[in-house]
Amino acid sequence: MLGMNAKDTMLFVVVTLMVLLAPILLNPFPTDSAFSQFNAGYPALMQRFVIFGILVIGFNILFGLTGYLSFGHAAFLGVGSFAAVWMFKLLSYNIVPAIALSIIVAGLFSVVIGYVALRRSGIYFSILTLAFAQMMYAIAYSDLVGKMFNTIVTNGETGLQVYLDDPQILYSEGDPKLPHLFGWEMNDSFTWDVGGWSFVFQNGYYLAGICMLIAFYISIRIFRSPFGLMLRSIKSNQQRLNYVGVSTRPYMLTAFVISGMYAGLAGGLMSAMDPLTGAERMFWTASGEIVIMAILGGVGTLVGPILGAGAIKYMENIVSTINDNVVRGWFEFMPDGLADFMVTIIHPFIGKGWHLTLGLVFMGVVIFLPGGLVELGQRIGGLFRRKKSSDTPSGATKPAE
Amino acid sequence: MGILEVKGINKRFGGLQALGDVNLSVAENTVHAIIGPNGAGKSTLLNVLVGKLIPDSGSVMFDGQSVLGRQPYEINQMGISRVFQTPEIFADLTVFENVMIPCFAKRDGAFRLHAWENTRHETGIAEQAEAILEDVNMLDKRHMTASSLSRGDKRRLEMAMCLVQEPRLLLLDEPTAGMARADTNNTIDLLKEINEKRSITMAIIEHDMHVVFSLAERITVLAQGTPLVEETPENIKGHPKVREAYLGEAQV
């Protein structure tokens, strides 16, 4: 279907269903139950799942296929966010020009940065991209460009946002005063209360989700194309590729620009969800987070980036909200002393210490599951398949594909 | 006039004269061997031919066009393929993908943004890849990952990758280095077959005299960066200059 083979179509359909039903699937616990804080089905978090999903899918086209580790990808995200907010300020709150410009601007930046950084490979490439990103962060944080022309471009520490006296030349009476798609407001949502549950379906989430599905579809096509094959062969043996008559630089640059445009799209969507952006989105820790998401999910796999982005954003938003009182609630049945002891042990791993939990999970994945969460899924699937096939009387085993 | 004309090549590495006034002419549809003791400059010469090294002076003409100063991929697009001393293949990819890549490179040139087509549905590519794998007897291994092949099979795969492009000149850098006798003989047979069936010009750099004398029609002997003689195999065997270069003067 749509130029995909049966297996990829299956995967795409599953991901589509998950995106569409996420407000229900991610809200398994009733609102009043003790576990309700593990629910991830609220719009702000689901938006982050899909937006970071786009970001990491794009990053994976570069890192997963060619093996070139860009350590400055957050710069393109930041550039995209700023471009989108500027469109809100100058034209109107309609997100179409905003997102279009954020993709284009991020693409232009990645052409320039990629052209220079791709002169080197390996760690030198990573350092060059990191240096570029940090320079851009520094420029944005102190608004050097704005100061040079005595105006505002990134608005430095305060961050860029839309003010009432901004021109908004395309604004017409009756338009919403927040980001919208031809009047369809991003913040609007519909709440469905059923039993003890309350499911929130938000416009903004669905827009970002559809963007992610398109991005995911494009990435499947690239993975299965001759272009994708060339990118994988760059990772495998660049010298041989040169000697069979392929010029590797334009392939690398194209992959770099595509992934930069994905990051621009993610940045534009972030601004569309919340029209306010700052330089901290471009800081190097943000770039590092993208790398961690890709590795945690499974480098070079199709669905890994989505899983990695989801897992980390879930931990960041859920584990960090667990406090000592909640943990004490779990150990109520124990004698007082023992419960206190358990709380003391768990304390460093929750709340502000969620990075510690993330670090342990990341170490575990890298050591035991080099293929990331996707490999975990495959192994679990493999166990079931083996069980099933040993149940059949013939005992014929099919090789796992 | 040969298909490959090397004239007056000089190359110095610091104080070492790696190549001194090398002239070489490879005639079309022949197998030309370049032999010589260790350090004679054979590999340096090959690296000059494929654009990896730029000589200090001299010219390398392939079919009337200069090769010097071109990138390796441009030289390949002119019709020169190279087999390396240790097989250079795409180890993470399957055997089939390994041969498809040179097919795409031949059809699409050095770069083409074919990001929307499906690799499996490209007309002609899969057929070409299958045909060449059949020729080197590797069709049954097409779904294997290239890194899991035996050394001999890796060599065959690398040859298939070069042959599928139908090059006009095939450069081979010690194609049997480190091989067992049986594998060496298989490689000789394969190369003979290629030369007869496809009439591809070959330039072979080789240590193993068994390989050289079973294949070569012309032999150039290099010693200390300069060509000593260029002769037919029959005339090389007893040539006094060659004995001298290999065995030293005391042995004469």
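The values are calculated or read from the model by the stated rules, or taken from the named source; none is laboratory data. Model, not experiment: these values are computed from the prediction. All Cβ positions, even for glycine, are placed from backbone atoms using ideal geometry, and neighbour counts span all protein chains on display. Side chains included, ligands, DNA and RNA excluded: accessible areas come from the protein's heavy atoms. Shrake-Rupley method; radii C 1.70, N 1.55, O 1.52, S 1.80 Å.
Averaged per residue, what accessible surface does the range B:1-125 expose to a 1.4 Å probe, in Å²? Provide the component values of the computation, followed by the final result.
Working: 5090 Å² over 125 residues.
Roughly 41 Å² per residue, with all protein chains present.
For the charge dipole of the protein assembly as shown, defined by +1 on Lys and Arg C-beta atoms and -1 on Asp and Glu C-beta atoms about the Cα centroid, which residue among A:Tyr42, A:Gly67, A:Val111 has the Cα displaced farthest towards the positive pole?
After comparing all options, I get A:Gly67.
Find the centroid of the Cα atoms in the range A:52-92 and in the range A:140-183, then give the distance between the two in whole Å.
20
How do B:Asp135, A:Asp143, B:Asp63 stack up against each other in accessible area, from largest to smallest, with a 1.4 angstrom probe? Each step should come with its number before you reach the end.
On the way: B:Asp135 55, A:Asp143 15, B:Asp63 80 Å².
Sorted descending by solvent-accessible area, the residues read B:Asp63, B:Asp135, A:Asp143.
Using only alpha carbons, build the gyration tensor for the range B:13-111 and give me the equivalent ellipsoid semi-axes, biggest first, whole Å. Provide the component values of the computation, followed by the final result.
Numbers: eigenvalues 148, 58, 39 Å².
Largest first, the range B:13-111 gives 27, 17, 14 Å.
Checking an interface number: how much accessible area is buried between A and B, summed over both chains, with a 1.4 Å probe, in Å² rounded to 100?
On the way: alone 20300 and 12510 Å², together 29870 Å².
For A against B, buried area totals roughly 2900 Å².
Starting from a Cα-only point model with no solvent, please compute log10 I(q)/I(0) by Debye for the range A:203-335 at q = 0.11, 0.15 1/Å.
These q points yield log10 I(q)/I(0) values of -0.57, -0.91.
Can you compute the charge dipole magnitude of the range B:89-165 about its Cα centre, using +1 on each Lys and Arg Cβ and -1 on each Asp and Glu Cβ, nothing else charged? Give it in debye, rounded to the nearest 20.
In total the dipole reaches around 240 debye.
Please list A:Val246, A:Val96 from largest to smallest accessible area, probe radius 1.4 Å, with all protein chains kept in place. Write out the running numbers ahead of the final one.
Values: A:Val246 0, A:Val96 65 Å².
These residues rank, largest area first, as A:Val96, A:Val246.
Return the percentage of antiparallel bridges among DSSP beta bridges fully within the range A:6-283, rounded to the nearest 5 %. Please report the intermediate quantities before stating the final value.
Numbers: 10 of 11 bridges.
Taking every DSSP beta bridge within the range A:6-283, about 90 percent pair in antiparallel fashion.
Using a Gaussian network model on chain A with a 10 Å cutoff between Cα atoms, which of A:Val50, A:Val145, A:Val299 fluctuates the most?
Sorting by GNM fluctuation, first place goes to A:Val145.
With charges only on Cβ, +1 for K and R and -1 for D and E, what is the dipole size of the range A:6-283 about its Cα centre, in debye, rounded to 20? Let's see the in-between values first.
Working: 14 positive and 13 negative charges, 334 e Å.
Value, rounded to 20: 1600 debye.
Tell me which of A:Pro176, A:Asn27, A:Leu77 sits at the most positive position along the dipole axis of the range A:6-283, charges placed on C-beta atoms (Lys, Arg +1; Asp, Glu -1).
A:Leu77
How shielded is A:84-97 by partner chains, expressed as the average number of their Cβ atoms within 10 Å of its Cβ atoms?
That works out to 0 on average.
Could you tell me how far the Cα centroid of the range A:3-34 sits from the Cα centroid of the range A:187-213, in Å?
Centre-to-centre (Cα) distance: 13 Å.
Taking +1 at the Cβ of each Lys and Arg and -1 at the Cβ of each Asp and Glu, which of B:Val229, B:Met78, B:Leu139 sits farthest along the dipole of chain B towards its positive end, judged by Cα position relative to the Cα centre?
Among B:Val229, B:Met78, B:Leu139, the one farthest towards the positive end of the dipole of chain B is B:Val229.
For B:77-88, what's the mean count of beta carbons from other chains sitting within 10 Å of each residue's beta carbon? Provide the component values of the computation, followed by the final result.
Details: counts 4, 1, 1, 2, 3, 3, 1, 3, 0, 0, 1, 7.
The mean count of partner-chain Cβ atoms within 10 Å per residue comes to 2.
How much of A:Tyr115 can a 1.4 Å solvent probe reach, expressed as accessible area in Å² and rounded to 10?
120
Please give the charge dipole size of the protein assembly as shown, origin at the Cα centre, charges +1 on K and R Cβ atoms and -1 on D and E Cβ atoms. Round to the nearest 20 debye. Before the final figure, lay out the partial values.
Details: 49 positive and 56 negative charges, 159 e Å.
For this selection, approximately 760 debye.
Cβ under 12 Å from B:Asp56's Cβ, B:Asp56 left aside: what net charge do those residues give with Lys, Arg +1 and Asp, Glu -1?
With Lys, Arg at +1 and Asp, Glu at -1, the neighbours total +1.
Relative contact order (percent) for the range B:89-165, with alpha-carbon contacts under 8 angstrom and 6 or more residues of separation?
On the way: 72 pairs, mean separation 41.5, N = 77.
Here the relative contact order equals 54 percent.
Once the Cα gyration tensor of the protein assembly as shown is diagonalised, what are the square roots of 5 times its eigenvalues, in whole Å and ordered largest first, as equivalent ellipsoid semi-axes? Can you show the working numbers first?
Details: eigenvalues 688, 181, 105 Å².
Listed largest to smallest, the semi-axes of the protein assembly as shown are 59, 30, 23 Å.
Round to the nearest 10 and report in Å² the accessible area of A:Leu376, as given by a 1.4 Å probe over the protein chains' heavy atoms.
Solvent-accessible area, nearest 10 Å²: 70 Å².
How many partner chain Cβ atoms sit within 10 Å of a residue's Cβ in peptide A:219-230, on average, as a whole number?
On the way: counts 0, 0, 4, 2, 2, 7, 8, 17, 10, 4, 8, 8.
That average works out to 6.
Given an 8 Å cut-off on Cα distances and at least 6 residues of separation, report the relative contact order of chain A as a percent. Intermediate values should be presented prior to the final figure.
Working: 644 pairs, mean separation 104.7, N = 401.
The normalised contact order for chain A reaches 26 percent.
The range B:98-168: D in µm²/s via Stokes-Einstein (Kirkwood Rh, Cα pairs, 25 °C, 0.890 mPa s)?
192
How big is the gap, in Å, between the Cα center of the range B:73-105 and the Cα center of the range A:355-370?
Each part reduced to its Cα centre gives a spacing of 38 Å.
Give B:Lys106/B:Lys141; B:Lys11/B:Lys42; B:Lys141/B:Lys192; B:Lys7/B:Lys42 a once-over and call out the pairs whose C-alpha atoms are over 19 Å from each other. Before the final figure, lay out the partial values.
Details: B:Lys106/B:Lys141 23 Å; B:Lys11/B:Lys42 12 Å; B:Lys141/B:Lys192 23 Å; B:Lys7/B:Lys42 15 Å.
Exceeds cut-off: B:Lys106/B:Lys141; B:Lys141/B:Lys192.
Over the heavy atoms of A:Trp284, what accessible area does a 1.4 Å probe trace out, to the nearest 10 Å²?
A:Trp284 has an accessible surface of roughly 110 Å² with all protein chains in place.
So for the protein assembly as shown: antiparallel DSSP bridges make up what percent, rounded to the nearest 5? Before the final figure, lay out the partial values.
On the way: 30 of 48 bridges.
Roughly 60 percent of the DSSP beta bridges within the protein assembly as shown come out antiparallel.
Antiparallel versus total DSSP beta bridges in chain B: what percent is that, nearest 5?
Working: 20 of 37 bridges.
Of all bridge pairs located within chain B, approximately 55 percent are antiparallel.
What ranking of A:Lys7, B:Lys11 comes out by heavy-atom accessible area, probe 1.4 Å, highest first?
Highest to lowest solvent-accessible surface, that is A:Lys7, B:Lys11.
Return the carbon/sulfur percentage of the accessible area of chain A, one whole number, probe 1.4 Å, all protein chains in place. Before the final figure, lay out each step's value.
Details: 12910 of 18750 Å².
Answer for chain A: carbon and sulfur cover 69 percent of the accessible area.
Taking 8 Å as the Cα distance limit and 6 or more residues as the minimum spacing, I'd like the relative contact order of chain B as a percentage. Mind dumping the intermediate values first?
Working: 430 pairs, mean separation 70.4, N = 252.
Normalised by residue count, the contact order of chain B is 28 percent.
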